[in-house]
Every structure is written in structure tokens, then in C-alpha cells.
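**Student:** Quick one: this structure, given as C-alpha cells, is what I'll be asking you about.
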Amino acid sequence: MGLALIVLIAAPLIAGLLSLGARTRLAMEWLQCAHAAVLLAAMSVVVMNVAEGSVIAVGILLRADALSAFMDLMLAFVGATGLLYALGYMGEEVTRGHVLHRHYKRFFCLFNLYLFAMLLPFYSQDLGSWRYLGASFAALAFIVFLFWHLNLHYMNLLFAALGFWRGGGQ
């Protein structure tokens, strides 16, 4: 039971670091598909064990209860489906020449590290720890870095909407 919790949290971190070493698009696709499968399998084990009424604890650092299992269910499912969708979308961008392979690798590295940063706070033994704040800032930094360095221009919609709400769109 504790091993599934460790795998669930460590898998995005390991996949993120391995993404930087993927030399081909095919290797990246295999890595991300395997990561999605591991994420869903570990999530299933953790959720099923918590649904039986047990609380999973790994030493004094990690603990999974009903709330963290529910959040795990949502994050792992959305993360795995997001990974699979991003493979096709970003792969097409690489094929068209809009994104370089090094940016493709960086995207998946940051996506997986973002998943890691989102999963970690839900399994803390101490609910009032600084880990929540640190993980939230790390997740925000990954998002900002991702949008900034990949030149995702649809973020301009956000800035246009903010200008509209502040009185610019009358």
C-alpha cells in the first residue's frame, strides 16, 4: 500500500527528469504513455485501499486519507489524459516545425514536474506545513515558465480579457 503512494508521487518526478533525456519523439511518446499507465495504476491502488477504510501512511512524511485519495483520483486522471492529449498536440506542433525538439522535451519535463508539485501537498502528514506553500509556488513557477518559454500565444486572451474587464472594452 505504501509503495503505491510512493510510486504515485515519484512517477511524475522521474518521468519529468527522464523527459529531458529522450532523444526522439518516439522515445518521448513511449515514456509518457508508460508514465500515464503507471500514474493510473498507482492511483487505482491508493484509491481502492483508502475506499476500504484504511489510511495509507509511509513513515512520518506521507499519509493518504479519503480527501487526498479523492484529489488523487482527479489529479491522476486529468494528468494522465492531459499527457496523452499533449503527446498528439505537441507532436503535431513538432512535425509542423512550430516547436523545436528541445522545447518539446522541456514541455513534458515541466508538465510532469507540475503534476509532481500538485500531487505532493495532498499527502503531507502535517497539514499546516510549509510544504503546501512551497509546492504551490513551484507549481505556479512551472506554469509561468511553461507559458513564457513555449510562446503559447493564446495566453494573450487572458491579458485581453483583463483589459476588457478593467474598462478597456466599452
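**Student:** Identify, please: which residue in region 42-67 is closer than 29 Å to LYS105 by Cα and touching a residue at least 12 places away in the same chain (Cβ under 8 Å) and is, among those, surrounded by the fewest Cβ atoms within 10 Å (Cβ to Cβ)? Spell out how you get there, then give the answer.
**Tutor:** Filtering region 42-67 down to residues closer than 29 Å to LYS105 by Cα leaves 42-44.
This time we only want the ones that are touching a residue at least 12 places away in the same chain (Cβ under 8 Å), so: 42-43.
On the way: ALA42: 21, MET43: 24.
My answer is ALA42.
**Student:** Given the condition surrounded by fewer than 16 Cβ atoms within 10 Å (Cβ to Cβ) and either modelled with pLDDT under 90 or part of a helix (DSSP H, G or I) (or both), answer yes or no: does some residue in region 15-23 qualify?
**Tutor:** Looking for residues that are surrounded by fewer than 16 Cβ atoms within 10 Å (Cβ to Cβ) and either modelled with pLDDT under 90 or part of a helix (DSSP H, G or I) (or both), one finds at least one in region 15-23, hence yes.
**Student:** Same structure, new question: Within 19 Å of the chain's Cα centre (by Cα) and either within 20 Å of ARG25 (Cα to Cα) or not in a helix (DSSP H, G or I) (or both): which single residue out of PHE70, PHE111 fits that description? It would help to see each step written out before you state the result.
**Tutor:** Details: PHE70 fails: either within 20 Å of ARG25 (Cα to Cα) or not in a helix (DSSP H, G or I) (or both).
PHE111 is the lone residue from the list that is within 19 Å of the chain's Cα centre (by Cα) and either within 20 Å of ARG25 (Cα to Cα) or not in a helix (DSSP H, G or I) (or both).
**Student:** Next up: Condition first: among the polar types (S, T, N, Q) and within 19 Å of ALA41 (Cβ to Cβ). Now tell me which residues in region 79-122 satisfy that.
**Tutor:** THR81, ASN112
**Student:** Would you check which residues across region 28-41 are surrounded by 14 or more Cβ atoms within 10 Å (Cβ to Cβ) and more than 15 Å from the chain's Cα centre (by Cα) and list them?
**Tutor:** MET28, GLU29, ALA41
**Student:** Let me ask something else about it. So which residues in region 68-81 are of a type in the set (Gly, Ala, Ser) and either touching a residue at least 60 places away in the same chain (Cβ under 8 Å) or in contact with a Phe, Trp or Tyr (Cβ under 6 Å, 6 or more places away or on another chain) (or both)?
**Tutor:** Within region 68-81, SER68, ALA76, GLY79 qualify.
**Student:** Let me ask something else about it. Only one of LEU84, LEU113, LEU62, LEU100 is at pLDDT 85 or above and in contact with a Phe, Trp or Tyr (Cβ under 6 Å, 6 or more places away or on another chain); which?
**Tutor:** On the way: LEU84 fails: in contact with a Phe, Trp or Tyr (Cβ under 6 Å, 6 or more places away or on another chain); LEU62 fails: at pLDDT 85 or above; LEU100 fails: in contact with a Phe, Trp or Tyr (Cβ under 6 Å, 6 or more places away or on another chain).
Step by step, each of LEU84, LEU113, LEU62, LEU100 is checked, and only LEU113 is at pLDDT 85 or above and in contact with a Phe, Trp or Tyr (Cβ under 6 Å, 6 or more places away or on another chain).
The values are calculated or read from the model by the stated rules, or taken from the named source; none is laboratory data. Note that this is a predicted model, so its numbers are computed, not measured. All Cβ positions, glycine included, derive from the backbone under ideal geometry; neighbour counts span all protein chains shown.
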